[in-house]
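Let me begin by presenting the structure, written as structure tokens, before commenting on it.
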Amino acid sequence: MATDYDAPRKTDEDMSEDSLEELKARRSEKNSPAVDEDETEAAEGFELPGADLSGEELSVRVLPRQADEFTCSECFLVHHRSQLAYEKSGQPVCSECAA
């Protein structure tokens, strides 16, 4: 908990004046929700991942696997030969899957 060193310090008399009931009341006040937010208004500003993208067109050039690359038999990703960890039953496994 942060301490405000500039605030006046309580003396022993002030500390003894705080009753147990007052302390419990203060604690319950701090736990009450301070902000009432309407969920529907908050959700209107977000675009969901399943948004309609039918009008969008993507153009991606796909290259075939190169001579110095391999497809991992565990994760099925194409990696450079430098990431080959070992071969399991003749099938290559990348260093990420081997870890």
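The values are calculated or read from the model by the stated rules, or taken from the named source; none is laboratory data. Just so you know, these numbers come straight off a predicted model, no measurement behind them. With ideal geometry, Cβ positions are generated from the backbone for all residues, glycine too; neighbour counts draw on all protein chains shown. Areas reflect the complete protein model, heavy atoms only, side chains present, ligands, DNA and RNA absent. Shrake-Rupley method; radii C 1.70, N 1.55, O 1.52, S 1.80 Å.
Quick notes on this one:
- Cβ separations smaller than 6 Å between residues 6+ apart or across chains give the following pairs from the range 41-70 residues that are under 30 Å from R81 (Cβ atoms) to residues that are of a type in the set (K, R) and open to solvent by 100 Å² or more (accessible area, probe 1.4 Å): D68/R81.
- Test: residue in the range 73-80 that is on the phi > 0 side of the Ramachandran plot and modelled with pLDDT of 95 or more: yes
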